[in-house]
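The values are calculated or read from the model by the stated rules, or taken from the named source; none is laboratory data. Note that the structure is a prediction, hence the values are computed from the model and not measured. Cβ placement follows ideal geometry from the backbone for every residue including glycine, while neighbour counts extend to all protein chains displayed. Protein only, heavy atoms only, side chains kept; ligands, DNA and RNA dropped before computing areas. Shrake-Rupley method; radii C 1.70, N 1.55, O 1.52, S 1.80 Å.
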Amino acid sequence: MRALTWQGRRDVRVETVPEPAIEQPDDVIVRITSTGICGSDLHLYEILGPFLEPGDILGHESMGVVEETGPDVDALARGDRVVIPFNVSCGTCYMCTQGLQSQCETTQVHAYGSGAAFFGYTKLYGQVPGGQAEYLRVPFGNTLPIKVPDGPADDRYVFLSDVLPTAWQAVEYAAVPPGGSVTVLGLGPIGDMATRIAQHRGAGLVIGVDLVDERLERASAHGVKCLDLRRRKKDLGNAVRSLTDGRGTDSVIDAVGMEAHGNSMAKAAQWAAGLLPDALAQQFMERAGVDRLGALYAAFDLVRRGGTVSLSGVYGGAMDPLPLLRMFDKQIQFRMGQANVRRWVPDLMPLLTDEDPLGVDTFATHHLPLEEAPQAYATFAAKQHGMIKTLLRP
């Protein structure tokens, strides 16, 4: 089969690799029909190379059709249409039953002290082959895949794999009061969808911050009050407080993470780590890594006293400094974590209707063949050609 493989920093290639096969009695094999490129994939493209090996198959936002089932699978049959959550979670352990599928005890990666395994996402999360491929082996076939109806195009459902539950959890954790206010930092796919979900759930004022014209225009078209970071970098806090009676917003969502523009020394450290031999780079990132924290520090500044900061952007530093004195003084509530995909499916599925209140049918900006994935990664990383969300078609 054809699959997108990681070969080195900024080097991904579509290659012919062996097709997956049933390995456990409850496995299913899914023929992939759509698979997304996530902002988190750019962390693999740029930063997390020390935890990858040449030939690793990327991708964790996939859906398709069941081609084969193991002998213990009775919840699915050949021909069923399914979305694959990015968490590889069993659905039956203590953590899964608590709605914490990102902490699944069956697939936790103990070698790195990590939570649940992910599809297509480094040794840190199990080195499980990903879904930017023609076929994908999916474990826990009775409890992990999300069965969806036939009929609507893949765009209606594929975002259940990551974008929708990640954005929903970001808003849930933000605890925006009814009619309240929220600032969303970063208007990439997660941030953009978070603004839509916040509005749908009754926020009175949604402020979006970014520095890419197409992202700002897209969010503005959906009723978001947008602030251009290029013009507001030095007075962003004052700009937000001027819109909220001098207080700051009730909640702030950081949808940026380690790609944040900011600390040049941290940026240089990230780049330097990528030049070290893998074993040394891993030790550096696990024990001494520091992220670029401009967005997170901004979140603590923009939130009102007693407000909530919700972190959905991925950070990877082991030694990130936090302004605890200011956080304590402002009585900030702080919630974070990888999305628990299965936890939020019952909330999201009723919204994937013909009315399409979240605009999922037109959410993707680009649809490309899998063979064009390497160029798509380069374009997405460079924030060019209005590329905000790309779906690949194997």
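Here are some notes:
- Among residues of region 325-367, those that are in a loop (DSSP other than H, G, I, E, B) and either surrounded by 13 or more Cβ atoms within 10 Å (Cβ to Cβ) or not charged (D, E, K, R) (or both), counted: 16
- Residue that is buried (at least 23 other Cβ atoms within 10 Å of the Cβ) and touching a residue at least 24 places away in the same chain (Cβ under 8 Å), where the choices are Pro189, Pro177: Pro189
- Against the criterion of being open to solvent by 10 Å² or more (accessible area, probe 1.4 Å), among the aliphatic types (A, V, I, L, M) and either over 30 Å from Arg241 (Cβ atoms) or not in a loop (DSSP other than H, G, I, E, B) (or both), Leu322 does not qualify.
- Residue within region 45-60 that is at pLDDT 95 or above and part of a strand (DSSP E or B) present: yes
- The residues of region 146-179 that are farther than 23 Å from His366 by Cα, assigned to a helix (DSSP H, G or I) and of a type in the set (Val, Ile, Thr) amount to a single one, Val171.
- Residue that is farthest from Met63 (Cα to Cα), among those in region 368-385 that are open to solvent by 20 Å² or more (accessible area, probe 1.4 Å) and in contact (Cβ under 8 Å) with a residue 40 or more places away in the chain: Lys383
- Subset of region 30-88 that is without any contact (Cβ under 8 Å) to a residue 40 or more places away in the chain and among the hydrophobic types (A, V, I, L, M, F, W, C) - its residue that is farthest from Gly126 (Cα to Cα): Ala77
- Any chance Thr390 is under 24 Å from Val171 (Cα atoms), open to solvent by 20 Å² or more (accessible area, probe 1.4 Å), within 20 Å of the chain's Cα centre (by Cα) and of a type in the set (Val, Ile, Thr): no
- Considering only residues in region 278-309 that are at pLDDT below 55 and among the charged types (D, E, K, R), the one that is most open to solvent (accessible area, probe 1.4 Å) turns out to be Arg287.
- Qualifying positions in region 100-123 - farther than 13 Å from His60 by Cβ, in contact (Cβ under 8 Å) with a residue 12 or more places away in the chain and part of a helix (DSSP H, G or I): Gln101, Gln103, Ala111, Tyr112, Lys123
- Which numbered condition Ala269 fails, given (1) surrounded by 16 or more Cβ atoms within 10 Å (Cβ to Cβ); (2) at pLDDT 95 or above; (3) closer than 27 Å to Leu44 by Cβ: (2)
- Annotation: Leu76 fulfils all but one of (1) surrounded by fewer than 23 Cβ atoms within 10 Å (Cβ to Cβ); (2) part of a strand (DSSP E or B); the unmet one is (2).
- Residue in region 197-206 that is touching a Gly at 6+ places or on another chain (Cβ under 7 Å) and β-branched (Val, Ile, Thr) present: no
- Region 240-254 residues that are at positive phi, paired with ones that are assigned to a strand (DSSP E or B) (beta carbon under 9 Å, 6 or more apart): Gly248/Ser181; Gly248/Thr183; Gly248/Val303; Gly248/Arg304; Gly248/Arg305; Gly248/Gly307
- The condition of being open to solvent by less than 30 Å² (accessible area, probe 1.4 Å), among the aliphatic types (A, V, I, L, M) and farther than 25 Å from Asp72 by Cβ holds for only one of Ala167, Ala116, Ala111, Ala153, that being Ala167.
- Some residue of region 3-14 being open to solvent by 50 Å² or more (accessible area, probe 1.4 Å), within 25 Å of Met349 (Cβ to Cβ) and assigned to a loop (DSSP other than H, G, I, E, B): no
- Residue match in region 213-228 (condition: polar (S, T, N, Q), over 16 Å from Ala295 (Cβ atoms) and surrounded by 15 or more Cβ atoms within 10 Å (Cβ to Cβ)): no
- Qualifying residue in region 129-145 (condition: without any contact (Cβ under 8 Å) to a residue 40 or more places away in the chain and either part of a helix (DSSP H, G or I) or polar (S, T, N, Q) (or both)): no
- Any hit, region 133-147, residues being out of contact with any Leu (no Cβ under 8 Å at 6 or more places or on another chain), under 30 Å from Gln199 (Cβ atoms) and not polar (S, T, N, Q): no
- Selection count, region 213-227, where residues are closer than 9 Å to Thr195 by Cβ and either more than 20 Å from the chain's Cα centre (by Cα) or modelled with pLDDT under 95 (or both): 3
- Taken over region 368-385, the criterion of being within 19 Å of the chain's Cα centre (by Cα) and either farther than 16 Å from Asp41 by Cα or assigned to a helix (DSSP H, G or I) (or both) is satisfied by Ala373, Ala376, Tyr377, Ala378, Thr379, Phe380, Ala381.
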